[in-house]
């Protein structure tokens, strides 16, 4: 049931246990009024079956469930394997992605509190947070291109870049999201740091966002500068992209911790865009580690190149399941 995205809850399992006991005439002390087994039975059931545990599922859209398939993985590696043979060193392989952060932590660190208290609170800067988009790029050897920060505003103030990672660049846009012109700016920044040549080309793997795949300026510049761009199949980057797999999660966790630390050190004040560069910079320095980069590429297959890195249970839908959802 979990494989088909309709996992059984604790209550479901307890009801099924009661129904099986009644159907098979097994004596039991289950609650007949609620028609389900008790918590003690569930605890013993989990003890007898240690391979099963109670877990919180992650949300998965239908488009992603349909998009990540063995056929999509095979198609990507048909393009990727010949390309990887053209580079001389894994440092010439890079993965780029964008992620959004706000002045509000998306989750709070667990704290100690009194038992029985109905609600415990942790201070945050506001109810809603302004968006900052960050463009991150890394190689399996732990080489990180200095990030691009896209601020949600029309005019730039240099104070916003205080204490950001060294070499970072910036842009402004009323939406705070990445656009064609902004990504073109980042791509020139990428070329400046990687210095690709005919004898020593570079591979850049991206998702299919319109600012990547539909950006003629970037495509032309990549051809002129010997950058081989490879796109992940649609709706599969959550499984196949090294940054998604290994980097973005720890970055946001560390960023939340930095916000909480700042609020404790500055009582009565709130985080604004003038602190976000420093907080992001501190979190980025904690995350931009060689082992995190290497683990991300290894877990998703780009390096070491492994087209069989995903097992059958990694794919959300079988062919039969897809037909049912269609």
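Just so it is clear, none of the values below were taken in a lab; they were calculated from the coordinates. Treat the numbers as computed from the prediction; the structure is a model and nothing was measured. Ideal geometry is used to build each Cβ from the backbone, glycine not excepted, and the neighbour counts take in all protein chains shown.
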PRE zone check, label point 7 Å out along Cα-to-Cβ of residue 193, amide N under 17 Å, scope region 227-247, hits 227-228, 242-244, 247
Förster radius 56 Å - calculated FRET efficiency between residue 26 and residue 269, Cβ distance, rounded to 0.05:
0.35
Which order results if 98, 179, 27 are arranged by neighbouring Cβ count within 10 Å, fewest first?
27, 179, 98
Neighbouring Cβ atoms within 10 Å as the yardstick, rank 292, 26, 84 fewest first.
26, 84, 292
Which percentage, to the nearest 5, of the DSSP beta bridges contained in region 70-320 is antiparallel?
50 percent
Treat each spin label as a single point 7 Å out from the Cα along the C-beta direction, and report the residue 238 to residue 223 distance in nm.
3.5 nm
Which distance in nm do the two modelled labels at residue 34 and residue 180 give, with both placed 7 Å along the Cα-to-Cβ direction?
6.0 nm
Over region 70-320: Kirkwood hydrodynamic radius from C-alpha pairwise inverse distances, Å
19.6 Å
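Listing 314, 306, 228 from the residue with the fewest other Cβ atoms within 10 Å to the one with the most, what is the order?
Going from sparsest to densest Cβ surroundings: 314, 306, 228.
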